[in-house]
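Everything on this sheet refers to the single structure shown next.
The values are calculated or read from the model by the stated rules, or taken from the named source; none is laboratory data. Values in this document were obtained by computation on a predicted structure and should not be read as measured data. A quick note on method: Cβ atoms are made from the backbone with ideal geometry, for glycine too, and the neighbour counts reach across all protein chains shown.
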Amino acid sequence: LGNLLGLKESHEKREEDTTQHTTFENTPEDIESTRRSLPAFKVRSDLLTMIRDNQISIIIGETGSGKTTQLAQYLYEDGFCSGGRLIGITQPRRVAAMSVANRVALEMNVQLGEEVGYSIRFEDYTSPKTRLKFMTDGILLRETLLDPELEKYGCIIIDEAHERSLNTDIMIGILRNLLVKRRDLKLIVTSATMNAAKFSEFFGNAPQFTIPGRTYPVDIIYSKNLVNDYVEAAVTEAVKIHLSNKISSGDILIFMTGQEDIEVCMDLIKEKLTEVYSKKFGISKFEEISDLEIFPLYSALPPALQNKIFRKLDDSRRKIVIATNIAETSLTIDGIRYVVDCGYSKLKVYNPRIGLDSLAITPISRANANQRSGRAGRTSTGVAYRLYTEETLETEMYVSTIPELQRTSLQNTILLLKSLGVKDVLSFPLMDSPPLQTLLASLYDLWLINAIDNFGNLTSLGKLMSKFPLQPSLARILITASYNDCSEEMLTIVSMLSVPQVFQRPKQREKEADLARSKFFVPGSDHLTLLNVYSQWKQNKFSSQWCTKNFVQYRAMCKAHDIREQLVKIMGKNKVLLTSSGTDWTIVKKCICSGFAHQAAKLSGLGKYVHMKTGMDVQLHPTSTLFGLGDPPSYVVYNELLMTSKEYICCVTAVDPFWLVESGPLLYGIRRIDDDSSYHQSFALMQHKTGNDHAREKRQRDDIEREI
Ligand code: ADP
Ligand code: MG
């Protein structure tokens, strides 16, 4: 891992160093004076006293006041870690964990991974020297599995608690129990201004401390009419701001929902500005424009690019940052004066009625809207352009975002709590309770994949699943594959599913890229297509040139490779054997079918499918190998459901309906029309069973040993 990452890093560094536009302001003196100018610094000794005097402290402060980057450093400087104890700081977002660890390492003038490190899923940048450990809340949760008392930590800082991420909420519950046992463990919960009182209450009225900070007034300008296309509206607004305000007046931050619309937005701004500048100054391409730089910011962005965003540009150039809600509270970019807020964000939502998790573009809450606008008023007065009407805000937006706990599936959480020995998950201490329906549906799903038994106890298979940092169904598919002689292949597929898009499609070279991509196609299967890409890359000695030539993202491939290595280790530790099917990919397909049997769809019309468990209409995502085929397969399983304007199924594999019946006997059955009907006809009636069927089936199967 080290080597791989090392290689990548130095490669990226080289790229970075050739960028001539950016000016550095990272001398130790500059860093020190920046640190001293933060609101937290003014109350440094009060903060330290409070933390010393209390086991639990709730610390509240405006975004950018220094909670994330400074608190742990103050404790460190104060000698808190002298006995070798660690301070663990959790973040709900991976990008934030990486980025702030980088920043803090720089501020402390140490090599990242030594005194200051970070750990996110599949990526560990810590060493025995590490004292300040930044990590995602999910990582700390996993650590409690190995070490329930969290012995190596002297202090845990649950940062960004107001986000109410699922893992944060669970971690907070675990800590409430643990703090009673470990009197020497300190807990700091930090929050932006919303929600703080609730945390204090949850911890028996723990003391609160507000970091005084000042913000400047922000003018809020609503859209007068309903906005049809927020990307287009954002582009128009940003271009207008750029052209009608002095460059030195400040930078622009645009909130979009995800990588896709960020990229479109970026391209459109470039296009529009090139048009304007070509009329004015006769330039012919965007690169000739010298008074502006545009940066995307989303979670899958390579770290080296993330760091660039923070650098100050000189006064003759304006920065436009187009970000997801990462920039709402997790990361603060100085110098923002104008905010453009599209009014939406991508949220994971679980619909217990249909029993599915999906990513959906959802209106933000009023609390989000205020946070977003607030980003314009950090250093002076600012303006926020909201791409929605005031009426929309008042009538259609929640006051605050619904906690993740109340809107996602709880399979992972239940599995984890059960592994931690929590017998009755319903009585686990939580700040808000999840909907009972979700809880029951998740328990049912876990039962369906044999993770828990009829009494709700963890099975040995369930225990094994919990060792993998994967969603339970993916962990199960790996374990099952091992018994079916194809875990080598499945490992690759699962690893490839764990990284962002591996195919590149650069502008102006779309045709070439599509052709290159189609060469990897394995008919009828996106999963096997991914396996094929990896296998060919391996045959080509993991070369980066090969990737470039074939329009494959080298970085994503390295990541997949690295994830694969880590999963191999976990498999080894837990005696899950590595087996291979050689060139017989039908075995692999069967295994995919059994693993994803609960996510199957049936052809219902030209290019249209219907979800077999829920009856919902779904469509193939255009990136699928199966998209646009003249003869689409009748039955498919998929990896992910994406809800945008339509419901798309992503990463799809065609399956034989027989396999579905075999692998999901609890879900599917065969109903015969008449005795001489062909198999085909009988399958035309194959259906998802009703709830009653399930109950009956469950009773019938009560004594059946269902473990693998
Ligand atoms: P809070 O957690 O209270 O929102 P932070 O500690 O994240 O505040 O931020 C404090 C300051 O550190 C901000 O001014 C921010 O711009 C700066 N900062 C954070 N990360 C970086 C980075 N990677 N590069 C430069 N400055 C950074
Ligand atoms: Mg912070």
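It is to be established whether one or more residues within the stretch 519-526 are surrounded by 12 or more Cβ atoms within 10 Å (Cβ to Cβ), of a type in the set (S, T, N, Q) and over 30 Å from LEU620 (Cα atoms). Within the stretch 519-526, none of the residues are surrounded by 12 or more Cβ atoms within 10 Å (Cβ to Cβ), of a type in the set (S, T, N, Q) and over 30 Å from LEU620 (Cα atoms). Residues in the stretch 583-622 that are over 30 Å from TYR483 (Cα atoms), without any contact (Cβ under 8 Å) to a residue 40 or more places away in the chain and not acidic (Asp, Glu): 12 in all. Scanning the stretch 567-614 for residues that are in a loop (DSSP other than H, G, I, E, B), touching a strand residue (DSSP E or B) at 6+ places or on another chain (Cβ under 7 Å) and hydrophobic (A, V, I, L, M, F, W, C) returns PHE596, ALA597, MET612.
Taken as a whole, the stretch 69-77 holds at least one residue that is within 16 Å of ligand 2 (Cβ to nearest atom), farther than 19 Å from LEU140 by Cα, of a type in the set (Ser, Thr, Tyr) and assigned to a helix (DSSP H, G or I). When the residues of the stretch 411-436 are filtered to those that are among the hydroxyl-bearing types (Ser, Thr, Tyr) and part of a helix (DSSP H, G or I), the one that is surrounded by the fewest Cβ atoms within 10 Å (Cβ to Cβ) is SER427. With respect to SER299, determine if the residue is of a type in the set (Ser, Thr, Tyr) and either assigned to a strand (DSSP E or B) or more than 30 Å from VAL618 (Cα to Cα) (or both). No; evaluated as a whole, the condition is false for this residue. Just name the residue that is surrounded by the fewest Cβ atoms within 10 Å (Cβ to Cβ) out of those in the stretch 466-494 that are farther than 18 Å from VAL652 by Cβ and in contact with a Phe, Trp or Tyr (Cβ under 8 Å, 6 or more places away or on another chain). Taking the candidates together, the pick is PRO469. For the stretch 122-151, which residues satisfy the criterion of being charged (D, E, K, R) and within 20 Å of GLN73 (Cβ to Cβ)? Correct list: LYS129, ARG131, LYS133. Counting the residues of the stretch 87-104 that are more than 10 Å from ligand 1 (Cβ to nearest atom), in contact with a Leu (Cβ under 9 Å, 6 or more places away or on another chain) and either free of Cβ contacts under 8 Å to residues at least 60 places away in the same chain or of a type in the set (Ser, Thr, Tyr) (or both) gives 1.
All of (1) in a loop (DSSP other than H, G, I, E, B); (2) buried (at least 19 other Cβ atoms within 10 Å of the Cβ) hold for ASP445 with one exception: (1). SER290: touching a residue at least 40 places away in the same chain (Cβ under 8 Å), assigned to a loop (DSSP other than H, G, I, E, B) and surrounded by fewer than 18 Cβ atoms within 10 Å (Cβ to Cβ), yes or no? No.
LYS541 fulfils the conditions (1) within 30 Å of LEU268 (Cβ to Cβ); (2) at pLDDT 95 or above; (3) not in a helix (DSSP H, G or I) except for a single criterion, (1). Please verify whether the stretch 83-90 includes one or more residues that are near ligand 2 (Cβ under 10 Å from one of its atoms) and closer than 24 Å to ARG142 by Cα. Yes, the stretch 83-90 contains at least one residue that is near ligand 2 (Cβ under 10 Å from one of its atoms) and closer than 24 Å to ARG142 by Cα. Any idea which residue in the stretch 43-68 is surrounded by the most Cβ atoms within 10 Å (Cβ to Cβ), counting only those that are more than 15 Å from ligand 2 (Cβ to nearest atom) and farther than 21 Å from ILE172 by Cα? The extreme case among them is VAL43. Out of the residues in the stretch 91-112 that are farther than 20 Å from CYS155 by Cα and of a type in the set (Val, Ile, Thr), state the one that is nearest to ligand 2 (Cβ to nearest atom). That would be VAL95. For the stretch 244-260, a residue qualifies if it is in contact (Cβ under 8 Å) with a residue 40 or more places away in the chain and either crowded, with 24+ Cβ neighbours inside 10 Å or under 21 Å from PRO296 (Cβ atoms) (or both), and the qualifying residues are ILE247, GLY250, ASP251, ILE252, LEU253, ILE254, PHE255, MET256, THR257, GLY258, GLN259.
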